[in-house]
Amino acid sequence: MNQLFGVSTFAENVPTPRSGRLLGPADVARWLGVSPGWVRDHATGKQPRIKTVKVGKLLRFRPEDVEEFI
């Protein structure tokens, strides 16, 4: 946490590959600096560029898959 301003940066809140936490499109968008729509567009379609995990109708992302995409 940034002690000067009392806020944390997103990088401090990104789960590690071993955390087991799945990310939503908004989380990935903040991480990559893009919109959630951009993330969904690149995770769906005929040739998805970002690997996803489907949880019912929801798109979720493993941190290690996002790192691989980067």
Qualifying residue in the stretch 3-14 (condition: modelled with pLDDT under 85 and of a type in the set (F, W, Y)): yes
First in the stretch 40-56 and on the phi < 0 side of the Ramachandran plot, second anywhere and surrounded by fewer than 16 Cβ atoms within 10 Å (Cβ to Cβ) and basic (K, R), Cβ under 6 Å, 6 or more apart: H42/R49
Helices (runs of 4 or more DSSP H) enclosed by the stretch 22-70 - at least 2 residues per element that are in contact with a Lys or Arg (Cβ under 8 Å, 6 or more places away or on another chain) and open to solvent by less than 60 Å² (accessible area, probe 1.4 Å): 36-43, 63-69
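The values are calculated or read from the model by the stated rules, or taken from the named source; none is laboratory data. Computed from a predicted structure; not experimentally measured. Using ideal geometry, Cβ is built from the backbone for each residue, glycine included, and neighbour counts are taken over all protein chains shown. Please note that ligands, DNA and RNA were not included when accessible areas were found on the heavy atoms of the full protein model with its side chains. Shrake-Rupley method; radii C 1.70, N 1.55, O 1.52, S 1.80 Å.
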